[in-house]
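The values are calculated or read from the model by the stated rules, or taken from the named source; none is laboratory data. Quantities reported herein were computed from a predicted structural model and do not represent experimental measurements. Please note: Cβ atoms are built from the backbone with ideal geometry, for glycine as well, and neighbour counts cover all protein chains shown.
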Amino acid sequence: MSGLEELSREELIALTRALMAENAALKAEVTQLRERVAKLERLVSRNSGNSGMPPSVDDLPGRKQPKDRASGGGRRRPGKQPGAEGKALAWSDDVADDDVFEYFPQGWCGCGADLAQAADLGVTARHQQIEIPLVVARRLQHNLHAVACRCGAVHTAPRPDGVSATPVSCGVNLQAWCVYLLVVHAIPVHRCAELVASLTGAQPSPGFVHGLIGRAAAAVAAANARIRTLLTLAYVVCCDETPIRVGPKKAKKYLLVACNQLLTWYMLGGRDLDTFKRFMPAEATGVVVHDRYQNYDAADLGIHDHQLCVAHLIRDLEDCAETYPGARWPRQLQMALRGLIHAANLAREQGRDAIAAGTLAMFTTMFRGGVAVGLSEVRRVPGPAKTVTQPVGRVLLEVLRDRADDVLRFAHDLRIPPTNNQAERDLRPAKTQQKISGRLRSEQHTRHRYAVRGYLSTAIKHGLDVMTVLRDALVGRLWMPPDPATA
């Protein structure tokens, strides 16, 4: 720097101090930028393999793919999975005479004889097809007669079930079709009307189709109340929630589900504690399987026993394994949890009521040892929780240490599932609906839709034909879920 020789000692000291201050400011700025870059890199690295994010985010631009999806395929190959029960079309001797068709050679033989006069040598090949008839809407007329008794009293025939009081209406089968397409397959209203018209020739109006969901929800209200009661009394309930957009302003709401292998119940609300108080009744005393969302742990909610979703924990441990590639404890903890899940599934398949004692002790020891090692390697940063960010995995390790009973409860009671996958499966239709239509038109319409969906999901879990129970509900013959002991 020219001219430094001319500066006095005091001026050189002042200049040095100014440069030191500027250098310190630059260092602080570099530190902040490095922290910001690290946070951004971590956000980009989050995916469905190392967090609770859905698989749909893996395809977003710049998003890091999970390790086992780098080659493209995905975690499961399409079609039948290894070990799954195979299904094939089997031959049946129960075929109606009207559905058997005989075919004979037609034409002329090389000798000039008519094949119609040839001798029948019998059937040489048989082929069966599973076929459906072409569906064509028919106009049915119901004439209600009146009769006069010899005493003078006049009696009028009642309308058959499902026949409206209006002179012309759509039949209950057609109504059930529309509700099924709207609720189960998320077909938008206008497309549903077009689809029914194309397949049957009937011409229901979009307004009529839209109003069917409200009518169906009213028809199944009593069954939903019973489903709610049965879940309150159930030994195990899986819970989850997902954001959905509702109304013309696309307001963000949350769809919550409580379910088990036989029951499904939905509730629309927020992610606040008041919603969860209405969602989880105070009378509930069963084990709640959830994803560690903080509201489930609120004292006001009154949940007695928790089972933390092990699938979420394993994904969080995958994040730790990627963050600390040289550490062994993340893989050890994953191995312990997966080993306990496999042992529990194997015990259930073999009809046993508990995991073998030696297997349980081995994986439990492996789990507790991995937690202890992880806590020793990932130290807690002192300071208030609101102002201090803990290293990746520290909070998770403290959860595994402090709530080990809630993590391993499934290993000691085979009635409890290790994950809340059942709840996630029951919420998946909401994601499909949102991808198709972007939002639902109103909160009331959304409540009606998921009241019907919960009823149909429960019926399907009981092995019932969905169209039959839906049609019966619309004509007033509502199916009610039985007590668990008789299901």
Search segment 1-51 for residues being surrounded by fewer than 11 Cβ atoms within 10 Å (Cβ to Cβ) and not in a helix (DSSP H, G or I), and hand back the single one that is farthest from the chain's Cα centre (by Cα).
Ser8
Test Val184 against the stated conditions and say whether it is surrounded by 19 or more Cβ atoms within 10 Å (Cβ to Cβ), touching a helix residue (DSSP H, G or I) at 6+ places or on another chain (Cβ under 8 Å) and outside the structural domain of Arg477 (by TED's automatic domain parsing).
no
Looking only at segment 385-433, count every residue that is surrounded by fewer than 20 Cβ atoms within 10 Å (Cβ to Cβ) and part of a loop (DSSP other than H, G, I, E, B) and tell me the total.
13
Segment 150-178: number of residues that are among the small types (Gly, Ala, Ser), in a loop (DSSP other than H, G, I, E, B) and within 26 Å of Pro206 (Cβ to Cβ):
5
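Having 2 or more residues that are within 22 Å of Ala411 (Cβ to Cβ) is the bar; report the strands (runs of 3 or more DSSP E) wholly within segment 245-306 that clear it.
Numbers: elements: 251-259, 264-269, 287-290.
Answer list for segment 245-306: 287-290.
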With (1) part of a helix (DSSP H, G or I); (2) out of contact with any Gly (no Cβ under 9 Å at 6 or more places or on another chain); (3) surrounded by 14 or more Cβ atoms within 10 Å (Cβ to Cβ) as the list, and Ala225 as the residue in question, which single condition is left unmet?
(3)
Could you give me the residue pairs with C-beta distances under 9 Å whose first residue belongs to segment 136-163 and is touching a residue at least 40 places away in the same chain (Cβ under 8 Å), whose second residue is assigned to a loop (DSSP other than H, G, I, E, B) and of a type in the set (Val, Ile, Thr) wherever it lies, and which are 6+ apart or on separate chains?
Asp161/Val475; Gly162/Val475
Is it the case that some residue within segment 169-179 is surrounded by 13 or more Cβ atoms within 10 Å (Cβ to Cβ), among the small types (Gly, Ala, Ser), within 30 Å of Ala90 (Cβ to Cβ) and touching a residue at least 60 places away in the same chain (Cβ under 8 Å)?
yes
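So for segment 302-319 (the condition being without any contact (Cβ under 8 Å) to a residue 24 or more places away in the chain and polar (S, T, N, Q)), does at least one residue qualify? Walk me through how you get there before you give the answer.
First, pick out the residues of segment 302-319 that are without any contact (Cβ under 8 Å) to a residue 24 or more places away in the chain: 302-304.
Then drop every residue that is not polar (S, T, N, Q), which leaves none.
Scanning segment 302-319 turns up no residue that is without any contact (Cβ under 8 Å) to a residue 24 or more places away in the chain and polar (S, T, N, Q).
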Looking at Thr229, Thr242, Thr200, which is the one that is within 20 Å of the chain's Cα centre (by Cα) and of a type outside the set (A, V, I, L, M, F, W, C)?
Thr242
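Does segment 183-199 include one or more residues that are among the β-branched types (Val, Ile, Thr), at pLDDT 95 or above and part of a loop (DSSP other than H, G, I, E, B)?
As a first pass, look at segment 183-199 and keep what is among the β-branched types (Val, Ile, Thr): 183-184, 187, 189, 196.
In the following step, the residues that additionally are at pLDDT 95 or above were identified as none.
No: zero hits.
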Give segment 449-483 a look and list any residue that's farther than 20 Å from Leu230 by Cα, surrounded by 16 or more Cβ atoms within 10 Å (Cβ to Cβ) and within 22 Å of the chain's Cα centre (by Cα), or say none.
Arg449, Val466, Leu470
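Do the conditions hold for Val163, that is, is it surrounded by 10 or more Cβ atoms within 10 Å (Cβ to Cβ), touching a Leu at 6+ places or on another chain (Cβ under 7 Å) and not basic (Lys, Arg)?
No; evaluated as a whole, the condition is false for this residue.
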For segment 226-239, check the following and say yes or no: at least one residue is at negative phi and without any contact (Cβ under 8 Å) to a residue 12 or more places away in the chain.
yes
